[in-house]
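Worksheet for the structure shown next.
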Amino acid sequence: MCGYMSFISTESLRDERVDQVREGMKQCRHRGPDDTNIWHDEHTCFGFNRLSIIDIDNSGQPLKWGPPETPDRYWMVFNGEVYNYLELRERLAAEDGAVFYTEGDGESIVAGYHYHGAEWVNELRGMFSFVIWDSQEDVAFGARDPFGIKPMYMAKVDDGYVFGSEAKSLRALTGTAQVNVPELQHYLVLQYVPEPASMDQDLSKIESGCSFTLTNGELTQTRYFHPDFQSIPVNNTREQRDLYDRILEVLDDSVAKHMRADVTVGAFLSGGIDSTAIAALAKRYNPDLLTFTTGFKVDGYSEVDVADESARAIGVEHITRWVTEEEMTKTLPLIVWYLDDPVADPALVPLYFVANEARKRVKVVLSGEGADELFGGYTIYHEPLSLRPLERLPHLLHRGLAAVGRALPDGMRGKDMLRRGTLDMEDRYYGNARIFREEQLPGLLRTYDPNISFHDVTDPIYAQSKGWDPVQRMQDIDLFTWLRGDILVKADKMTMANSLELRVPFLDKEVFEVARHIPLSEKLADGTTKYALRKALERVVPPHVLHRRKLGFPVPTRVYLRGDSYDWARDIILNSPTDEYINPQAVMKLLDEHRDGVADHSRQIWTVLVFMLWFDIFVAGTVTPEVPHPQYPVRL
């Protein structure tokens, strides 16, 4: 787990580019405080900040590797972990005669690429973002893991391409951020900027599950991972038991491989089944496992008591970090700085603080992200079943019911159901986050473009899932939008802000291979979600969390914005120099209505506040967070 930059020049490397890479690496020091190195030749400059996890005394980067006849042919920078690296190294040595110079996992990538080419990326089981430079062929090859656990930004400049773990690093070459206006419109609807775009118009991202080749100044991208949900029916009790056994077996194997490290591994623990299962399985491989949770001392916004009970039930030492309202508002600008792109998920705040607490005691944590997308865990996945009676009505009646729904007052029970029930899935579902409806944007945005729609994001995804059942189609949408745009961004950015490596055993290629075949009847049953996963975990998690409603780390923004945080929000809205993009009077109207109890606008207000802070920091430069210098022990 680290931070890197790779500049690939289309001409002779300029001295200034080396200096810019060195400066860019200072901007992501938090990702790798253990070591920093810069390497370059006449065409390429690589920079690397290391967080030492495996083979601590060796395996430094940029990593040099080659076969015995050309031992310095390849150079690589790599962020992440390859969990099956031991098996891959053994296979490469036995079948290809590969030699290895370290005990680390990075060589399993570059050696495999040498012997097997670009297809080798399909053999990697882990989270990764890497760039390899072949100095013999003057070719760069890079890839990002299937689910997008690890980030990769990129930019084209006049004399080449630059890739890196953080946008702020790349701006050493591209300059001050410029607002990507179409993506601002997407952000206000989705609460994140959908890949491959960035809020900075000069930057983009290599998408999850994609690789690239850069030859003679030409960049070619290829999608190597295509999530394919194909149900296999479960016809009887024996087949059910077999399915539950397979789920538990593959998840246990994933956790075992995710525990591979030369440092201490802990786990996050909320009040839900996913993190509890991961912690319980991890304890099998580390009896002294430490778990961590966080909460706010506001009624209804803490799962600390449930997490405490879970920790006692599975027999682990448990640490709680409470977060105050003052800490939340004071730290948000720093959190936005770490984010790079705005993400309006309030759960970023408790995640930042629990990661900060965990880093005092461990260097790696496991977490439960991805279970909902793979196993069908979101409550909204019930929607196709609940709306089925409306969907079966004649089209003419649909139009009448839609008109009735529009006429009902906002907030009236049944209004949203009528609206959504008279829409096709492609028109109503664009992922788990729904902040502003598109008809709410005129008046908020200074320039609203009616030709920009969430359909721009979701239609290509829906096109690849025709013929699947409706829940599979929703899962696929979430894999390509919500998961990689929100969930994994906040997981990576908030843990790396604290120089902490986060691993997600549910998002494993072998776990997905089992999950993708689960039929609808084993996802939604008995009024619950993730039915097959819950049945599989009956032998692992304590009963009190087995069927609990998902909360995660809830944040009381609704309460705070009606109280002491009102003035804090008001100051940001009225002082942020974003008038060119956002109408501050429209935002103040939302804030005042929220304070007065007219409606709950907390998510919409928070979404605008995060964008304004992003603009203040990266575009206007009117806010400069005080970034702590990361100082942690190499071994922990």
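Which one of these is small (Gly, Ala, Ser) and over 29 Å from Ala491 (Cα atoms): Gly97, Gly106? When all the criteria are applied, what remains is Gly97.
Taking Ser465 as the residue in question, decide whether it is surrounded by 18 or more Cβ atoms within 10 Å (Cβ to Cβ) and at pLDDT 95 or above. Yes, satisfied.
Would you call Cys28 under 25 Å from the mean Cα position of the chain (by Cα) and either of a type in the set (Ser, Thr, Tyr) or in the same structural domain as Thr102 (by TED's automatic domain parsing) (or both)? Give the steps one after another, and end with the answer.
Working: under 25 Å from the mean Cα position of the chain (by Cα): yes; either of a type in the set (Ser, Thr, Tyr) or in the same structural domain as Thr102 (by TED's automatic domain parsing) (or both): yes.
Yes: the conditions hold for Cys28.
Does segment 361-380 include one or more residues that are modelled with pLDDT under 95 and part of a helix (DSSP H, G or I)? Yes, that holds for at least one residue.
Within segment 145-192, the residues that satisfy the criterion of being polar (S, T, N, Q) and either closer than 17 Å to Val610 by Cα or in the same structural domain as Asp486 (by TED's automatic domain parsing) (or both) are Gln178, Asn180, Gln185, Gln191.
Scanning segment 264-283 for residues that are small (Gly, Ala, Ser) and either under 13 Å from Ile319 (Cβ atoms) or in contact with a His (Cβ under 6 Å, 6 or more places away or on another chain) (or both) yields Gly266, Ala267, Ala279. Assigned to a loop (DSSP other than H, G, I, E, B) and surrounded by 17 or more Cβ atoms within 10 Å (Cβ to Cβ), is that true of Pro146? It is true that Pro146 is assigned to a loop (DSSP other than H, G, I, E, B) and surrounded by 17 or more Cβ atoms within 10 Å (Cβ to Cβ).
Do we have Arg558 as under 25 Å from the mean Cα position of the chain (by Cα) and within 30 Å of Tyr244 (Cβ to Cβ) here? It would help to see each step written out before you state the result.
Values: under 25 Å from the mean Cα position of the chain (by Cα): yes; within 30 Å of Tyr244 (Cβ to Cβ): no.
No.
Evaluated against (1) farther than 26 Å from Ile53 by Cβ; (2) modelled with pLDDT under 95; (3) within 20 Å of the chain's Cα centre (by Cα), Ser270 falls short on exactly one condition, (1). Annotation note: of Leu502, Leu590, the sole residue that is touching a strand residue (DSSP E or B) at 6+ places or on another chain (Cβ under 6 Å) and either hydroxyl-bearing (Ser, Thr, Tyr) or not in a loop (DSSP other than H, G, I, E, B) (or both) is Leu502. All of Asp134, Asp72 fail the test of being touching a strand residue (DSSP E or B) at 6+ places or on another chain (Cβ under 8 Å), within 24 Å of Glu207 (Cβ to Cβ) and not assigned by TED's automatic domain parsing to the domain that holds Asp262, apart from Asp134.
Take Asn37 and decide whether it is in the same structural domain as Glu166 (by TED's automatic domain parsing), assigned to a strand (DSSP E or B) and surrounded by fewer than 19 Cβ atoms within 10 Å (Cβ to Cβ).
Taking the combined requirement at face value, the residue satisfies it.
For Thr320, the requirement of being of a type in the set (Ser, Thr, Tyr), surrounded by fewer than 24 Cβ atoms within 10 Å (Cβ to Cβ) and in contact (Cβ under 8 Å) with a residue 24 or more places away in the chain is met. The set of residues from segment 552-574 being in contact (Cβ under 8 Å) with a residue 12 or more places away in the chain and assigned to a helix (DSSP H, G or I) comprises Thr557, Arg558, Val559, Tyr560, Ser565, Tyr566, Trp568, Ala569, Arg570, Ile572, Ile573, Leu574.
Give the residues of segment 441-461 that are part of a helix (DSSP H, G or I) and in contact (Cβ under 8 Å) with a residue 40 or more places away in the chain, sorted by residue number. Walk me through it before giving the result.
Taking segment 441-461 and keeping what is part of a helix (DSSP H, G or I), we get 455-461.
Within segment 441-461, Asp456, Val457 meet the criteria.
Residues in segment 9-34 that are in contact with a helix residue (DSSP H, G or I) (Cβ under 7 Å, 6 or more places away or on another chain), surrounded by fewer than 16 Cβ atoms within 10 Å (Cβ to Cβ) and of a type in the set (Lys, Arg): none. Taken over segment 169-210, the criterion of being part of a strand (DSSP E or B), surrounded by fewer than 21 Cβ atoms within 10 Å (Cβ to Cβ) and touching a residue at least 40 places away in the same chain (Cβ under 8 Å) is satisfied by Val179, Ser204. A single entry from Ser275, Ser302 fulfils the requirement of being in a loop (DSSP other than H, G, I, E, B), closer than 30 Å to Tyr560 by Cβ, under 26 Å from the mean Cα position of the chain (by Cα) and not hydrophobic (A, V, I, L, M, F, W, C): Ser302.
Quick grid of which residues meet (1) of a type outside the set (A, V, I, L, M, F, W, C); (2) closer than 30 Å to Val362 by Cα:
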site	(1), (2)
Arg595	yes, no
Ala599	no, no
Ser602	yes, no
Trp606	no, no
Asp616	yes, no
Thr622	yes, no
Val627	no, yes
Gln631	yes, yes
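Being more than 13 Å from the chain's Cα centre (by Cα) and within 23 Å of Leu483 (Cβ to Cβ) is the requirement here; does Ala118 meet it? In short, no.
Basic (Lys, Arg) and in contact (Cβ under 8 Å) with a residue 12 or more places away in the chain: is that true of Lys490 in this structure? The answer is yes for Lys490.
Being surrounded by 22 or more Cβ atoms within 10 Å (Cβ to Cβ) and out of contact with any Asp or Glu (no Cβ under 9 Å at 6 or more places or on another chain), is that true of even one residue in segment 571-582? No; the residues of segment 571-582 include none that is surrounded by 22 or more Cβ atoms within 10 Å (Cβ to Cβ) and out of contact with any Asp or Glu (no Cβ under 9 Å at 6 or more places or on another chain).
From the list Leu533, Leu520, Leu546, Leu500, the lone residue that is out of contact with any Pro (no Cβ under 9 Å at 6 or more places or on another chain) and surrounded by fewer than 23 Cβ atoms within 10 Å (Cβ to Cβ) is Leu546. Taken over segment 494-534, residues that are closer than 20 Å to Lys283 by Cα and more than 23 Å from the chain's Cα centre (by Cα) amount to 1. Residue selection: Glu107 fails the criterion of being closer than 24 Å to Asp508 by Cβ, under 26 Å from the mean Cα position of the chain (by Cα) and surrounded by fewer than 22 Cβ atoms within 10 Å (Cβ to Cβ). Of everything listed in (1) assigned to a helix (DSSP H, G or I); (2) of a type outside the set (Phe, Trp, Tyr); (3) within 19 Å of Leu188 (Cα to Cα), the single unmet condition for Val545 is (3).
The values are calculated or read from the model by the stated rules, or taken from the named source; none is laboratory data. Source: prediction; values computed, not measured. So basically every Cβ, Gly included, is an ideal-geometry build from the backbone, and we count neighbours across all protein chains shown.
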